[in-house]
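Coordinate-derived values only; no laboratory data. This structure is a prediction, so every number in the text was calculated from the model and none was measured. Here the Cβ positions follow ideal geometry from the backbone for every residue, glycine too, while neighbour counts run over all protein chains shown.
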Amino acid sequence: MKVRPGVEVSAQSDIGCQRENNEDSFGYWEPEEDQQFARKGRLAIVADGMGGYEGGQEASRIAVETVISFYEGFTGADPQQVLLAAVAAAHEQIREHGFAHPQLQGMGTTCTVLALVGQSLYFAHVGDSRLYLVRDGKITQLTRDHSYVGRLVESGLISKEEAENHPQRNILTAALGTTNDPVMDSPGRPEPLQSGDALVLCTDGLWGQVHDPEILHAVESGTPEEAGRDLILLARERGGPDNITVEILRVN
């Protein structure tokens with residue numbers, strides 16, 4: 001994984017303690033040519049598949065490969081619109097794969113992808129994987145959870161603390177490949193980044209076991225590689241019921 005100066009990057013995934021296979025996928029990409037890099041920047045993505053032993057693996061793999069390939073080939077001027085188009089293309093690819101392989105019917109995946117172009121952050125998001133911004137001793141969740149419990153929190157019916165242990169917290173309201181038109185979130189405008197900022201992409205196998213202040217502490221206490229390793233270990237110590245994936249980018 002080639003990484004130009006300007007960021008530190010770590011991407012790690014673990015099967016967890018109770019699963020027989022890893023249905024999470026992740027990726028990192030940046031162009032080789034400097035001119036392309038100036039226009040497209042860096043891309044990072046995580047996806048958490050669902051739909052059985054093979055279906056989940058296939059869905060998350062297709063999402064990551066399609067989004068990276070689409071972004072790599074784009075010729076437009078707006079990275080945000082390209083990310084949304086790339087995620088939509090991944091959705092169609094997953095649906096077509098499911099139709100062609102009936103045994104995989106019901107396959108789907110979350111998808112959270114960011115592009116870092118210069119000092120501007122763009123992202124697109126479907127599902128309940130998360131993107132966090134760590135800045136000046138604070139952690140902010142930039143994405144919202146497309147889940148039944150996420151809706152309850154947004155409506156003020158339950159607190160975020162109550163949501164952490166809600167028995168239906170894993171019921172998604174949006175995912176790639178599972179509906180005709182998936183709900184996609186993106187920022188209204190790019191987020192300006194500062195030196196020292198860290199971005200954390202993770203699946204619910206991490207944030208479901210590790211609290212936001214603990215993610216903040218790990219990211220501020222070590223390198224992205226050390227933080228990712230410590231967070232995965234903590235999730236495993238708490239039972240690791242799901243696959244655990246975390247990708248951390250620190251802006252230098």
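Structure notes:
- Put a dot 7 Å past the Cα of Ala89, heading toward its Cβ, do the same for Gln105, and the two dots end up 2.9 nm apart.
- Working from Cα pairs under 8 Å separated by at least six residues, relative contact order for the chain is 26 percent.
- Taking the average, over residues, of other Cβ atoms within 10 Å as the packing measure, peptides 198-204, 177-183, 32-38 rank 198-204, 177-183, 32-38 from highest down.
- Each peptide among 117-123, 5-11 gets the average number of other Cβ atoms lying within 10 Å of its residues, and from highest to lowest they stand as 117-123, 5-11.
- Distance between the 7 Å Cα→Cβ label points at His211 and Ser120: 3.8 nm.
- Helical runs (DSSP H, four residues minimum) scored at -39500 (n - 2.57) apiece and divided by the length of the chain put the mean residue ellipticity at 222 nm at -11000 deg cm²/dmol.
- Placing unit charges on the Cβ atoms of the charged side chains and taking the dipole of the chain about its Cα centre, the candidate lying farthest along the positive direction among Ala11, Gln36, Gln93 is Gln36.
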